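Enquirer: After the structure tokens below, expect a handful of questions from me.
The values are calculated or read from the model by the stated rules, or taken from the named source; none is laboratory data. None of these values were measured; they are calculated from a predicted model. Counting neighbours? That spans all protein chains shown, and the Cβs are built from the backbone with ideal geometry, glycine included.
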Amino acid sequence: MRDLFPGYYRPTQEQFQQMWRECIFVFDANVLLNIYRYSSDTRDELFDVLEHLKDRIWIPHQAMLEYHENREEVISQQYAISKDIEIALTNASDTIEAKYKRGHPFTDTEIIADAIKEAIEKIKASIAQAESKYPNLLQNDYLLERLTNLFNDRIGNEYSPKRLEEIYKEFEQRFRLQIPPGYRDKNPKKEGFKKYGDGVLWFQVIDYAKSKKKTIILITDDQKDDWWRIEKGETLGPRPELATEIGSKAKVSFYMYNSSQFLKYAKEFLGLKVKQEAIEEIKEVEINQRKYVGSRLARRGFQVENAVLEWLRQVDPDVQLNENLFGSGVDFILLQPDGTKTGIRVKYKSSSFRPADVNVRRIIESIIAFLNHRMRADDNNILLILVCENMEDAAQTLVMLREVTDIPPTLTIKVGFMDQNNFRSFGTFLE
């Protein structure tokens with residue numbers, strides 16, 4: 001039974017020990033790129049293990065290509081993190097100051113605001129000092145040199161254009177059937193042939209396994225479920241189809257680890273000295289990578305709301321704006337001099353426009369539901385400000401709004417876009 005369905009059986013402890021003694025360790029690009037996200041001590045721990053195993057490491061041509069293509073962007077992201085922190089702190093300070101600029105019945109808000117500003121300036125100075133001691137890897141990347149020396153003569157061959165064309169066609173079919181790996185990369189954000197990257201890498205791994213006839217252990221920090229078997233949020237191991245395919249085509253055993261597991265089991269099965277702090281730091285980076293998209297959107301949403309608030313104040317300085325009305329279902333209440341009230345709801349549309357985009361309809365439907373069930377009795381109407389990431393998406397969204405029916409007469413929809421950190425109005429939809 002185990003021989004017929006190898007991917008569904010976790011290897012025994014004895015099998016793991018044999019695999020680690022004899023296998024070839026294959027590395028994905030994301031493992032090398034994550035090195036730039038580690039502290040220097042953790043990097044050294046990982047490099048020590050790689051040096052110990054240098055006669056049994058290999059990297060597909062596709063993985064090394066993706067490393068070189070993305071290296072500078074990842075380096076730049078590390079420098080941008082400090083800027084993100086400064087922006088978040090400044091936004092928080094500005095929000096508190098704006099919200100309570102008229103004072104508070106039992107707290108001196110000026111003292112609080114001054115204390116926050118002083119603390120923020122100290123944090124900024126600390127960040128600047130740390131940055132000044134950090135090497136400029138965009139100009140002199142010593143990590144690139146270490147990796148180059150380590151993987152020299154251990155990089156797979158590039159496929160010919162003809163072979164790549166064959167793989168692209170085959171993976172179109174695999175995408176339709178959701179055969180792992182790679183089908184999660186078929187999305188509008190993947191330009192050109194990049195959506196086939198995992199497929200090319202996988203076939204290069206299989207071809208290498210055919211030539212070496214040795215167990216393959218793939219180290220990847222890809223967390224998508226077209227590589228891993230994930231049940232109820234828990235990663236159980238590699239997708240069974242992967243072990244089945246490589247076993248069928250190359251007649252070898254196969255397993256996968258992420259970077260933290262790689263160091264953990266290098267310590268257990270090979271007896272190598274690896275600091276637990278390094279393993280824990282790599283785990284934290286893996287977790288942060290999962291959270292990155294969500295936290296980035298949250299930060300952007302915060303910036304968008306502040307930008308819209310500033311725009312409203314510039315458009316009509318005479319109106320009164322009440323913010324953050326808990327339980328009201330809106331973000332702001334705009335009070336005109338004549339007593340007219342408008343509830344304002346801000347929605348950030350982060351994704352690029354796609355034909356038959358359901359996101360716009362869902363947003364409108366949620367607002368309509370709010371109007372029907374939760375609208376404040378003293379609000380005369382609702383203004384939905386739908387914020388897109390760019391002007392093109394704003395234009396397409398206005399077109400999409402024409403397909404939305406049953407918009408109540410009390411709802412006005414304004415579409416705009418972000419110009420860096422500023423909101424720009426693009427157009428207003430009135431049914």
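Enquirer: Do the conditions hold for Ser328, that is, is it in a loop (DSSP other than H, G, I, E, B), under 16 Å from Met418 (Cα atoms), in the same structural domain as Glu389 (by TED's automatic domain parsing) and modelled with pLDDT under 80? It would help to see each step written out before you state the result.
Expert: Values: in a loop (DSSP other than H, G, I, E, B): yes; under 16 Å from Met418 (Cα atoms): no; in the same structural domain as Glu389 (by TED's automatic domain parsing): yes; modelled with pLDDT under 80: yes.
Considered against the rule, which asks whether it is in a loop (DSSP other than H, G, I, E, B), under 16 Å from Met418 (Cα atoms), in the same structural domain as Glu389 (by TED's automatic domain parsing) and modelled with pLDDT under 80, Ser328 comes out as no.
Enquirer: Please go through (1) at pLDDT below 95; (2) more than 17 Å from the chain's Cα centre (by Cα) for Gln77 and return the number of the only condition it doesn't satisfy.
Expert: Unmet condition: (2).
Enquirer: So Lys124 passes all but one of these: (1) more than 29 Å from Gly7 (Cα to Cα); (2) out of contact with any Asp or Glu (no Cβ under 6 Å at 6 or more places or on another chain); (3) at pLDDT below 85; (4) charged (D, E, K, R). Which condition number does it fail?
Expert: Failed condition: (2).
Enquirer: Just for strands (runs of 3 or more DSSP E) wholly inside the stretch 219-261: which have at least 3 residues that are at positive phi and crowded, with 18+ Cβ neighbours inside 10 Å?
Expert: none
Enquirer: Scan the stretch 346-357 and give yes if some residue there is part of a loop (DSSP other than H, G, I, E, B), surrounded by fewer than 12 Cβ atoms within 10 Å (Cβ to Cβ) and modelled with pLDDT of 75 or more, otherwise no.
Expert: No, every residue in the stretch 346-357 fails to be part of a loop (DSSP other than H, G, I, E, B), surrounded by fewer than 12 Cβ atoms within 10 Å (Cβ to Cβ) and modelled with pLDDT of 75 or more.
Enquirer: In this structure, is Asp28 acidic (Asp, Glu) and touching a residue at least 12 places away in the same chain (Cβ under 8 Å)?
Expert: Yes; evaluated as a whole, the condition is true for this residue.
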